[in-house]
């Protein structure tokens with residue numbers, strides 16, 4: 001049948017069921033041979049001429065790649081964001097693009113909540129100091145009674161809200177296309193972006209990466225936030241002007257931040273954000289749970305099978 005390239009990481013260890021499904025339908029699976037969830041152009045060029053489908057991480061799929069992949073019929077993004085794929089170019093070359101909308105929402109929302117708690121209680125720093133021989137306790141803050149602002153109230157943002165309701169917080173949210181019924185059910189007050197920024201003790205952003213949202217969190221936006229507040233980003237790196245965030249924390253205007261996504265990935269080890277006290281960094285791990293890998297891989301595998309059988313795949317983004 002078809003050759004299916006996998007560039008998503010950990011597929012061979014966490015997604016065996018999806019591999020078996022593809023193979024049972026007659027497809028040859030070409031597995032990622034390193035841990036990073038992306039291939040360079042040079043690595044893609046090795047396989048591009050002979051593949052019929054791919055389940056991809058955050059590699060760049062653009063005109064340059066599509067031009068050398070004449071057999072390619074479908075890309076299944078192992079995640080939700082598709083800013084690494086030129087959808088128009090894919091359509092020109094007859095390549096269907098699907099994503100895993102909704103499949104990683106729970107995992108990402110749980111990480112966002114964990115980051116909020118880690119910021120308030122400084123858990124990573126306390127652990128680091130204790131491992132280094134310092135019995136250095138720190139006075140943190142309660143989440144109880146705080147105002148949490150959500151920039152973006154889609155699937156992930158609303159799940160964060162639901163998880164936070166048990167903490168007895170005040171919830172604000174901004175979304176250009178708000179689900180008012182869901183907001184009412186969760187006790188979330190919908191407001192404009194400035195109100196969310198100025199009144200929240202913690203801001204968690206959950207917006208898509210588009211030209212309109214690029215650097216939506218810039219110097220001006222950070223200065224609107226309350227002095228001593230916290231900023232959480234588990235969405236997309238391009239939403240945030242990284243230097244502006246670093247400056248806001250270094251100046252003391254923000255008490256801290258937690259970040260899982262970056263403008264450049266993988267993040268250079270000398271990046272200022274990695275070495276700024278008060279900023280906790282994780283390596284784009286929001287969707288990295290066993291449950292999420294299983295769910296997304298099965299959906300992606302089925303989309304590949306359906307597409308190569310001439311059927312409409314689920315979550316087709318560029319018809």
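We did not get these values from a lab; they are worked out from the coordinates using the rules stated. For clarity, every value in this text was computed on a predicted model and none was experimentally measured. Positions of Cβ are generated from backbone atoms using ideal geometry, with glycine treated the same way; all protein chains shown enter the neighbour counts.
Observations on the structure shown:
- Rounded Å value of the spacing that divides the Cα centres of the range 292-319 and the range 200-238: 32
- Inter-label distance, nm, simple model (7 Å from Cα along the C-beta direction), residue 215/residue 93: 3.0
- Seen against the Cα atoms of the chain and their longest principal axis, helix 105-121 is set at about 30 degrees.
- For the peptides 263-270, 189-196, the ranking by packing is 189-196, 263-270, with the highest mean count of neighbouring Cβ atoms within 10 Å listed first.
- Shape category assigned to the range 168-239 from the gyration tensor of Cα positions, a/c cut at 1.5: oblate
- Span from the the range 1-27 Cα centroid across to the the range 65-101 one, whole angstrom: 18
- Estimated 222 nm signal from helices in the chain, with DSSP H stretches of n ≥ 4 weighted -39500 (n - 2.57), rounded to 500: -10000 deg cm²/dmol
- Virtual spin-label span in nm between residue 251 and residue 45, 7 Å along Cα→Cβ: 4.5
- Helix 155-164 and the long axis of the chain differ in direction by around 40°, with both axes built from C-alpha atoms.
- Cα-based shape type of the range 202-311, given that a ≥ b ≥ c are square roots of the gyration tensor eigenvalues and the cut on a/c is 1.5: prolate
- Share of Cα-Cα pairs in the chain lying beyond 36 Å, as whole percent: 24
- Packing-based ranking, highest mean first, of 40-52, 200-212 given that Cβ atoms within 10 Å are counted: 200-212, 40-52
- Helix 290-308 and the longest principal axis of the Cα set of the chain meet at an angle near 30°.
- Where a label projected 7 Å from the Cα of residue 309 along Cα→Cβ would reach, residues of the range 1-42 with amide N under 13 Å: 21-27
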